[in-house]
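These notes concern the structure reproduced below.
Taken together, the values in this text are just the output of simple stated rules run on the coordinates, not laboratory data. This structure is a prediction, so every number in the text was calculated from the model and none was measured. Here Cβ is always computed from backbone atoms with ideal geometry, including for glycine, and neighbour counts include all displayed protein chains.
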Amino acid sequence: MSKKLTKNKKKILEKISDKNKKYSLEKALLLMKEINFVKFDASVDISIHLNVDVRSLSQMIRGTVMLPHGIGKNICILALVPKEKESEAKKAGADYTGLNYIEKIKSGWKTNIDVVVATPSVMNQLGSIGKILGPKGLMPNPKMETVSVNPGKSIKEMKSGKITFKTDRYGIIHGSVGRVSFSNKYLLENIEIFMKTVIQNKPSASKGSYIKSIYLSSTMSYGIPLDLKSFVNK
């Protein structure tokens, strides 16, 4: 097995041996599929390094985007909603519903939750689990549209392809934009709408070039540097 991995790694390194080369999005998608050697349907991910001061709240980038073709994965949603909203949340597709999960989370309940949705009326009850949800990026937030008076609508949208994004402490946005099995056309359209949304969220306080670098990768593979001209008019 180790020899096969070494052989595959050598193939990858040969393909991307020029460290200074930047690829158009179209060529990067072709190359990404060529150097993908895992046997499962790998996630296609994009990493965008922004020229922002993450210490300043005014330059913290966060938002949502509806990907036209989704990400090829069932999003697992926990709906922390009052009793009268539970039926609405369940019908919309929430995987777990109800305020009883607050105590379960405090007691160490673990599952592969991707998103937590809540109504404004219950936010004052979530303080006790903020330190648990916060570090995982799961704390409901109005800017991420995960705090809503209409949780059913929010849940349906997220199940249909709406994803959230935000800068990490290094000023990088990481996002899943599909699967290797997606057609290049679908991946191209998902990435273009994702990038358009990130660019539209440029804070007025950010000076100079907004985007430092963009990398495209698949699960367990190398990042491919993209030519910024694919997205930014210079």
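Which of A205, A42, A89 ends up with the largest GNM mean-square fluctuation for the chain, with Cα atoms connected below 10 Å?
With Cα springs under 10 Å in the chain, the top fluctuation among A205, A42, A89 is at A205.
Considering only S183, S56, S87, give the residue with the highest GNM mean-square fluctuation for the chain, with springs between Cα atoms whenever their separation is below 10 Å.
Greatest mean-square fluctuation among the candidates belongs to S56.
For the pairs K10/K212; K85/K153; K143/K166, flag any whose C-alpha to C-alpha distance is greater than 18 Å.
Values: K10/K212 28 Å; K85/K153 12 Å; K143/K166 10 Å.
Cα-Cα > 18 Å for K10/K212; rest within.
If I take R0 = 25 Å and measure r between the Cβ atoms of N20 and K185 in this structure, what FRET efficiency does the formula 1/(1 + (r/R0)^6) give, to the nearest 0.05? Walk me through the numbers before you get to the answer.
Working: r = 29 Å, r/R0 = 1.16.
E(calc), rounded to 0.05, equals 0.30.
When the chain is treated as a GNM, springs tying every alpha-carbon pair under 10 Å, which of S43, S148, S121 comes out with the largest mean-square fluctuation?
S121
Just how large is the dipole of the stretch 52-138 about the Cα centre, in debye to the nearest 20, putting +1 at every Lys and Arg Cβ and -1 at every Asp and Glu Cβ? Before the final figure, lay out each step's value.
Working: 12 positive and 7 negative charges, 40 e Å.
The calculated dipole for the stretch 52-138 is roughly 200 debye.
What order do you get for 191-199, 107-115 when each peptide is scored by the mean count of other beta carbon atoms within 10 Å, highest first?
191-199, 107-115
On a C-alpha basis, how far is the centre of the stretch 42-95 from the centre of the stretch 162-208 in Å? Whole number, if you could?
Value for the Cα centre distance between the two parts: 12 Å.
If the cut-off is 18 Å between C-alpha atoms, which aspartates and glutamates fall inside it for K207, apart from same-chain ones fewer than 8 positions away?
In chain and number order, the partners are D53.
Just the number, please: percent antiparallel of the DSSP beta bridges in the chain, rounded to the nearest 5. Intermediate values should be presented prior to the final figure.
Details: 22 of 30 bridges.
Given both bridge residues lie in the chain, the antiparallel proportion sits at roughly 75 percent.
So what J values fall out for the stretch 90-102 if you push phi through Karplus, 6.51 cos²θ - 1.76 cosθ + 1.60 with θ = phi - 60°, rounded to Hz, Gly and Pro as x?
With the stated coefficients, the stretch 90-102 comes to 5, 5, 6, x, 4, 7, 9, 9, x, 6, 5, 6, 4 Hz.
Just for the Cα atoms in the chain, what are the lengths along the principal axes, largest first, rounded to whole Å?
57, 47, 30
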